[in-house]
Each structure stands twice: as C-alpha cells, then as structure tokens.
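The next block holds one structure in the form of structure tokens; read it before the comments.
The values are calculated or read from the model by the stated rules, or taken from the named source; none is laboratory data. Predicted model, so just to flag it, every value in this text is computed and none were measured. Cβ placement follows ideal geometry from the backbone for every residue including glycine, while neighbour counts extend to all protein chains displayed. What goes into the accessible areas is simple: the full protein's heavy atoms, side chains included, and nothing from ligands, DNA or RNA. Shrake-Rupley method; radii C 1.70, N 1.55, O 1.52, S 1.80 Å.
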Amino acid sequence: MPYKMANSKFGKKFSRDRGTQRTMPSLTSSPTTPIKPSSTAWCSPSNSNSSNIQVPPPNICASINDQVTSNPALARPLFDFAGHVRSRSYVMRNFLFDGSETSVMLDEGVDAMLPESFEPASGSPLYTFKIGDAGDKGRGMFALRDLPAGGLILVEHPIIVAPYLVGLGVPLADIYAELLDRLPLEMQKELLKLHSGDDHTLEDTLEEIVRCNALGIQLKVPDVPHPEIKTHRAVFLNISRCNHSCGPNARWEWDTSTFSLYLSAVRPIIKGDEITVQYTPCTRPRHDRHAALQDQYGFTCRCSYCDLPSKDAVLHSDNTRIALSEFWSTLPPFEEWCIDHTLPDDMLVKMHLDALRMIKQEGLQVLDGERHVDAIAMCYGALADTEMFRAWTERVRDAKANTDPAQELVFAKWLSNPTSFPAWGWKKTFCGRTKASL
C-alpha cells in the first residue's frame, strides 16, 4: 500500500508542528523490552471504517500478543494486537529545541497528551564526557574528569522518537527514512554515524541504528480501549553511545515535561573510565542477560561482572542478583516490624546492610542503594538509637544534596533533635500493639 507523509517543519522554539495524520501497526523494540523489528507491517487506509480495517493474520497477532503479554516491562497482560491495529492513528511532526531538533511519530492520542510547550531542560554540565574508541564494542562514552556519585553527566533531547509497535503497509525502514528526512542535513549525518557496521543500504542501516541504539522512554497514553503502549523508542546522538555493562556506573531518567533524558553517575567515575548503562535488567541471571543482549543487540557481554573465573562464581553472582530483585517483595513492612515483638530489633537493619553489600559486590548501584540507606536511618530512629540515627541520616542528607536540596532543612532538624523524627522510638513504644496505634 503506498504511503507518504508530509515533510512539514515548524519554526518556533519549544513549539509543536501539527503535522499530518495516518492510521497504522509493527514490531519494534526497546533496550529492556526486546522484540525484534519486522521488515513488513500491516496498514489500513486512514479513511477506513474500523470494521473494514485489514488486520494481520491470526498467527502474526498471536505471536505479537505472546511477546507483549509475557513482557512485564510493558505492563500489558491483556494486549490484543488486532484491536491495537484498529485503534491507531498517528501524527508525524518535529519539535524544535535550543540547538537541537526531534523528529517524532506518535499515536494521536499520545500526542494530544503532551504539553503545548516543553519546559526548558536543565543545562547540561560542561567537560563531563567525550566519545571515543571502545575497542571491539565500537565507540563509547568516557569521563573527561572525575565524576561524583549522583553527579549529572549529560542532558539530551532525542533525535528520533517512534512507538514501540507500529503497523504500516511498508517496511519499517521507510518510516525511519521519513523521520530521518525531516531532520536538518547535519543532524542526519550525525545520526547515521551511530551505525558502525559493514556497508549496508540506507534502509538496513536505519533499522540497525534504531534496533541497536534506541532507549525505551515512557509517554502518557489516554484511557481508551486498546491504548497505545507507553514504551516508545528514542534515539539519542550522545547517550546512545553509552555501551552496556552488567554493573553500570550510570543511569538515565526520562523527563517528559522537558522532553529530555538525564544521564547521571550512580557511583564515582574516574577520569578516563568508560561511562556505561544497562541495556537489559541486570538482576537477571547471566544466561538470561546474555540471551536478551544477543537477541536484541547481537553481542555477548564480556564485562567484568560476566567474565567470572568459575561456574561457582557465576552461580553465586546469579543468586545474589536474584536475591536483590526479590528483596523488596520479601521485606517485612516497616510498620509491621515496629509492632511485631517476634521480629528482632536488628532484623531490618541487617537485611538492608546485606542488600548494600550485595549491591557493591555486583556493581548494581543503579538499583538505588540510597533507598536502603534511608531505610536503615528510619530503623535506627524507630529504635531510638541517637548515634546511629545521626550517622545514617547524614548519609541520606549527603546523597540527596544534589537531587533534593529543599530537604536540607528537614535533615538539619532531625540531626539537631532526633526525637523530632516522626517515627522516633516506634519499635520501643508500639511493639506488641496494633497498627492503629501508630
């Protein structure tokens, strides 16, 4: 089926071009939710009645339904691809930012939920990274100076954004080519540099760039039957250069209000070290991580957390990561620990300390060790242990100094007068009582 989108641009900073609309579905992928792209897709005319829309054959629908419903990261256990196809109508447009531009294809319901104008993103810090040779991994991102834990490395707008699943009567590469064509020539050249393989056609190159470099961002979707999948694929010129590690030293967070991604260090990074992120959830066993990375990106991870000396070391690492993935679901609630006299005073503290030890062992600071530090401080407050409460609260304060400076006054109050902490002495005062007494 022939398909063409208008190549309109807009000129106002942070404004939005309304673009043209079509109705469509496909197979694509995100870093943590792998589904391979399909070279063909399915489409219906934009003026068709939904009852007349052609949908993919039942075997295609069943295969896609199985992939989506079995992927917990997508949170769509009742996904119906045929209904998804019938319910889609898309817009293509460009967003202009100060010094950059983004070419997007979005479901019109998702597009309508975006703000009319985006807030200015925080300024990206200077001299934090460079792009350089990463050996057999191709290009990578490296620290230009020592970076502290929690320190901001980069703020970046995506260059291309597309739905997780798109259906058209043309190859997916044609969609990517249309998105590419909407960008300024210099940005097109920079995007194509993300491909470092052998000579390919432009279409193959674009598919590989999206498959190997897209990050899975989340966008709001309307509350309608067969809503769009929240996960969208976003390609970035710099952050997409970050290679994978099963013990990453950085993590990224998506902010829809500024339509930008924030990359920050999760532990101290030494000048010259490679800056890495996780492409797949790193609490999975090594064989599961390797299978996902090979299937999605075509490589086998050989980071120091995978290249272990023995089968016993691999098993120990796998069990540790599984324990971390299940930690919060097996932890007794704080209030229950306070009132249950059968739960030892030091139980929660020991559990959180053990979690911090496992996080350090596996290089998984990306799991937010600050949450454990915060919990330990709370426990010592509930135990009315002034010395340990102050020691751990200082750690919480220092960890949040760069991200939540507004809480500085609260921490100062608790440190000067620990009894002002809301849960002070709960384990001593309410042990053996009911939750209602808290």
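Order the following by accessible area, largest value first: Ile60, Ile229. Probe radius 1.4 Å; ligands, DNA and RNA are ignored. Don't skip to the answer; put the middle values down first.
Details: Ile60 60, Ile229 0 Å².
Per-residue accessible area, sorted high to low, gives Ile60, Ile229.
A simple rule links phi to the HN-Hα coupling: the Karplus curve 6.51 cos²θ - 1.76 cosθ + 1.60 with θ = phi - 60°, which for the range 378-387 gives 4, 4, 5, x, 5, 8, 6, 9, 4, 4 Hz, with x for Gly and Pro. Which one, Ile239, Gln296, Leu263, is farthest towards the positive end of the dipole of the range 160-302 when Lys and Arg carry +1 and Asp and Glu -1 on their Cβ? After comparing all options, I get Leu263.
For the range 309-358, the residue among Val349, Thr330, Leu315 whose Cα projects farthest onto the positive side of the dipole built from Cβ charges is Leu315. Listed values for the range 240-250 are Karplus-derived 3J(HN,Hα) couplings in whole Hz (6.51 cos²θ - 1.76 cosθ + 1.60, θ = phi - 60°), namely 5, 7, 5, 7, 7, 9, 7, x, x, 9, 8, and x replaces Gly and Pro.
Close amide H pairs (under 5 Å, H built 1.01 Å from N) link Ile159 with Val235, Phe236, Leu237, residues at least 5 positions away or on another chain.
Computed over protein heavy atoms with a 1.4 Å probe, the accessible surface of the range 191-342 works out to 46 Å² per residue. Taking the 1.4 Å solvent-accessible surface of the range 61-163 as the whole, the part contributed by carbon and sulfur is 53%. Probing with 1.4 Å while keeping every protein chain in the model, the per residue accessible area of the range 362-424 equals 51 Å². Distances between placed amide hydrogens fall under 5 Å for Asp340 paired with Gly432, all partners being 5 or more residues away or on another chain. Carbon-plus-sulfur accessible fraction, the range 282-438 (probe radius 1.4 Å, protein heavy atoms only): 53%. Taking amide H as placed 1.01 Å from N in the peptide plane, Ile275 has its amide H under 5 Å from the amide H of Met141, Phe142, Ala143, each at least 5 places away in sequence or on another chain. Computed 3J(HN,Hα) for the range 143-155, one whole-Hz value per residue from the Karplus formula 6.51 cos²θ - 1.76 cosθ + 1.60 where θ = phi - 60°, is 6, 7, 7, 5, 10, x, 4, x, x, 6, 9, 7, 10, glycine and proline marked x. Summed over the residues of the range 71-187 and divided among them, the accessible surface reaches 39 Å² per residue at a probe radius of 1.4 Å.
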